[in-house]
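A short write-up of the structure that comes next.
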Amino acid sequence: MLCEKCQKKEATVFYSEVKGKQRQQHCFCESCANTISPIIEKPDVEDSLKKILSDFLDIFLFQLSSIEKQNEKCSFCGMTFQEFQKHPRLGCANDYEVFKKYIESMLETMNSSTRHIGKKAKQFLQKKENTENIEKFKSKLKIAIAEERYEDAAVLRDQIAQLERQIDGTL
Amino acid sequence: MELYNIIAQTPPIWLKGYGNDVDIVMCSRIRLARNIEGFLFPGRANQEENAKTLEYISCRMQNVQDLQDYCYFSLKTMPEKDLYVLFERHLISKEHLKSSMPRGVFLKKDESVSIMINEEDHLRIQVMHSGLHIQELWEEINALDDLLDEHLPYCFHEKYGYLTACPSNTGTGLRISVMLHLPALSLSKQMSNIQQELSKYHFCLRGLYGEGTIPLGDFFQLSNQKSLGLKETQMVAQIQSLIPQVINYEKNAREKMLKNSQDILKKCRASQKALCSEKSLSLHELMQHLSLIRLGSALDLVPLPLETANFLFLFSLSANLGRIVPVPMEDEDEDKFRAQVCKKIFNTKEKI
């Protein structure tokens, strides 16, 4: 097929142009295509090479991290990465942190997102709120001491202690 | 407390056979997987550690005022035949049945709710009802989960949600299952197409007793596969929009079948005859016959109330059969007793 512009050279670039509801097919030789529109994308050799190299690097890094992971062990349940690879059941909640990268990629494969957007555990939310309040009260306490407002400081100290006891489950 | 004073007096509520399209949708079930902070997950813990977890959870639960109408059973010392009765009635899972660890179950008397302790996760909460009532089930289990949450510190992660032993349950820990009877789709060999279609939406069809079980007599369990990245209510909506499609496929297949009703009538009558007269029936044979008779009943070809069919369905399973024929049975005897029970049910409850 000849280039539709110069009608001399063989057409090597084909593209469809959509205008409103109409679709038009075009064919150009490479030199005419270069003069017409920058939107006609040609495969970039450099990009392809970059992609191959980056894929290779990913595989290399994954293997390297696998070797590192083999020495990883959960301090709470004693689960090792090898054990988990052999039988993918977790031993405790802490494993989610210890084998985070690996679990994250598993969760990604199984689900459309790795972020939970459903209901939240009430005690978790309470604990989170208490931790945030402790931080707030601690900074207020510092200011109160600096300003020598010792009565306020005592109240804040008691509030912090009460929240800490709540977090520890002793209240 | 004696197990059979609590359960197994009558067929469980989820087999009552009421609700829309109950000839196709037998029952629906929702379960939540939860773990408790500070304890090893049951699969990692030893006997002693699991015993501590069980004591911690069961003591806390027994003190909850709103759980007073539940009964607690320790499974470690329960006779094997009783464990199988619970399993066949979907009150405990296969994993829970087979475990050798200290474990227990809280049951509601009508068998609509069971809370397994030390299954794959510390808690497996499940709610079941006859027919298709997913929204109602979600509301019920959500309220029960909120109640337990007040008394037990759940393992929860800011990003991943509820943490479970198997990453396939991480997130919501939610599995919605609908028990379906799809004989027309099976007979017209359309099941693999349906399976493929469902997998596009990340749903799957399994045998009646969940993961790793073979479908018996065209009874299947349809459940969601994803547990993370969607809200629980979105998952409920997804399955609620999918089930009517499956029901329609089955209805269409049944309509096509009726065009050649002589053929299906012949098959139903042969199955009826077999259930009334055979001297020995294996579980597999019985389920095949029962499936055809249930289909015949839905197509008004065979006069059989659905509740009777469901009753037969449950009491033909080995352990529940053992409850009505309380003598030790060998496999061969079991098939004979099964045939006897069928005959009795058909001849007394239904003149056909």
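The values are calculated or read from the model by the stated rules, or taken from the named source; none is laboratory data. Bear in mind that the values here come from a model prediction, so they are computed numbers and not experimental data. Don't worry about glycine lacking a Cβ; one is built from the backbone with ideal geometry, like all the others, and counts go over all protein chains shown. Protein only, heavy atoms only, side chains kept; ligands, DNA and RNA dropped before computing areas. Shrake-Rupley method; radii C 1.70, N 1.55, O 1.52, S 1.80 Å.
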Problem - Condition broken by B:L295, with the remaining ones in (1) under 23 Å from B:M179 (Cα atoms); (2) assigned to a helix (DSSP H, G or I); (3) open to solvent by 10 Å² or more (accessible area, probe 1.4 Å); (4) out of contact with any Ser or Thr (no Cβ under 8 Å at 6 or more places or on another chain) satisfied - result: (3)
Exercise for the section: Report yes if A:I145 is more than 37 Å from the chain's Cα centre (by Cα) and either modelled with pLDDT of 90 or more or under 30 Å from B:D146 (Cα atoms) (or both), otherwise no. Expected result: yes
Problem - Boolean, B:S192 is facing another protein chain (nearest Cβ under 8 Å) and not in a strand (DSSP E or B) - result: no
Completion exercise
the stretch A:7-86: helices (runs of 4 or more DSSP H) wholly inside it with 1 or more residues that are at pLDDT below 65 and out of contact with any Asp or Glu (no Cβ under 9 Å at 6 or more places or on another chain) are A:45-69
Practice task
Specify the residue that is nearest to the other protein chains (Cβ to nearest Cβ); the eligible residues are those in the stretch B:13-65 that are part of a helix (DSSP H, G or I) and aromatic (F, W, Y).
Solution key: B:Y56
Problem - Only one of A:T109, A:T114 that is among the polar types (S, T, N, Q), at the interface with chain B (Cβ under 7 Å from one of its Cβ atoms) and within 15 Å of the chain's Cα centre (by Cα) - result: A:T114
Completion exercise
Turns out the helices (runs of 4 or more DSSP H) fully within the stretch A:92-149 with at least 3 residues that are open to solvent by less than 70 Å² (accessible area, probe 1.4 Å) and free of Cβ contacts under 8 Å to residues at least 12 places away in the same chain are A:100-110, A:122-146
Exercise for the section: Name the one entry in B:L187, B:L242, B:L198 that is closer than 30 Å to B:S282 by Cα, among the aliphatic types (A, V, I, L, M) and more than 14 Å from every other protein chain (Cβ to nearest Cβ). Expected result: B:L187
Handout entry: Within the stretch B:119-151, considering residues that are part of a loop (DSSP other than H, G, I, E, B), within 14 Å of chain A (Cβ to nearest Cβ) and surrounded by 21 or more Cβ atoms within 10 Å (Cβ to Cβ), the one nearest to the chain's Cα centre (by Cα)
Key = B:E119
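For (1) modelled with pLDDT of 90 or more; (2) part of a helix (DSSP H, G or I), each residue gets a yes or a no:
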| site | (1), (2) |
| --- | --- |
| B:Y249 | yes, yes |
| B:E255 | yes, yes |
| B:D263 | no, yes |
| B:Q272 | no, yes |
| B:C276 | no, yes |
| B:K279 | no, no |
| B:L290 | no, yes |
Practice task
State whether one or more residues within the stretch B:225-237 are surrounded by fewer than 17 Cβ atoms within 10 Å (Cβ to Cβ) and acidic (D, E).
Solution key: no
Fill in the blank from the handout: Being touching a residue at least 60 places away in the same chain (Cβ under 8 Å) and surrounded by 14 or more Cβ atoms within 10 Å (Cβ to Cβ) narrows B:R254, B:R206 down to just B:R254
Fill in the blank from the handout: With the first residue restricted to the stretch B:225-242 and required to be part of a loop (DSSP other than H, G, I, E, B), and the second required to be of a type in the set (G, A, S) and at pLDDT 95 or above, Cβ contacts under 6 Å at 6 or more apart or on different chains are B:S227/B:G171; B:L228/B:G171; B:K231/A:G118
